[in-house]
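Throughout, read-outs are computed from the coordinates displayed, never taken from laboratory work. All figures in this text were calculated on a predicted structure; none of them were measured in a lab. So basically every Cβ, Gly included, is an ideal-geometry build from the backbone, and we count neighbours across all protein chains shown.
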Amino acid sequence: MRARRATSWRRWLGDRRGVAAIEFALIAPVLIVLLLGCVTLFVAYRDSQDAEKATFTIGDLLSRRTDPVDDAFLSTTQQLFLQMVSRTAERTKYRISSLTRSGGKFSVAWSYAVAPRTALRTADIPTDSLPVVADGDSLVLVETAVSYDPLFGGLGLVSGEHVNLAANRPRFIAAIAKSD
């Protein structure tokens, strides 16, 4: 009797049926979390690249301009930016400024901002982020911020902003003028 019990016990321990199902049940949640994390990071990276490309496109568009700009034109550039990043105005920050370098320092010639941003002041110019230009040159500075929420927030990723800055010299004129 005892030998029979030992034999059936060994047979039960040696039975490998159902092992794959148990292994799958243990590893499936890990694979799902890994997949969701990869998709979330991909979407965040894609959104970051879209925001950066849109910012540089607006900067390039303005640098090729030869006519003075007005608020209506600058509002149109913001609408173009919103189309390129597929966001609403509430989820973006947008500011365009024309800077002039004189005496080794930058000053603001004009600035167009969409709320909640305010117009750029000379004291707030991000000089560390600007390229080196000669005295008398000007720059068109496009500053944008696009907020994002992670696709699957339960994975430890938090909401934030993709902040971009594009500084371009006007190509065909010394400085871009703004008419009111």
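Using the Kirkwood formula over every pair of different C-alpha atoms, what hydrodynamic radius in Å results for segment 57-127?
13.3 Å
Taking R0 as 22 Å, what FRET efficiency do you get between PHE172 and SER102 from their Cβ-Cβ distance, rounded to the nearest 0.05?
0.55
If the elastic network links every pair of Cα atoms under 10 Å, which of THR55, THR76, THR40 fluctuates the most in the Gaussian network model of the chain?
Answer for the Gaussian network model of the chain: THR76.
Mean Kyte-Doolittle hydropathy of 0.5 or higher plus an axial Cα length of 27 Å or more: which whole DSSP H helices in the chain meet both?
19-63
Among LEU74, LEU26, LEU157, determine the one that fluctuates most according to a GNM of the chain built with springs between C-alpha atoms less than 10 Å apart.
Greatest mean-square fluctuation among the candidates belongs to LEU26.
Can you tell which of ARG64, ARG17, ARG101 shows the greatest fluctuation in a Gaussian network model of the chain with Cα springs below 10 Å?
Fluctuation is largest for ARG17.
Where Lys and Arg each count +1 and Asp and Glu each count -1, what net charge lies around SER159 among other residues with Cβ under 13 Å from its Cβ?
Value of the local net charge: -2.
Net charge near ILE125: determine it from the other residues with C-beta under 13 Å of the C-beta of ILE125, scoring Lys and Arg +1 and Asp and Glu -1.
Here the charged neighbours net out to +1.
Students often get this wrong, so try it: which of [x] 16.9; [y] 19.2; [z] 20.1 is Kirkwood radius over Cα pairs in Å as calculated from the structure shown?
Here Kirkwood radius over Cα pairs in Å agrees with entry [z].
Each label point is 7 Å from the Cα along the Cα-to-Cβ direction; what then is the distance between the points at ALA123 and SER147, in nm?
According to this spin-label approximation, the distance is 2.8 nm.
Quick one: check the C-alpha center-to-center distance for segment 131-180 versus segment 91-116, whole angstrom.
Result: 10 Å between the Cα centres.
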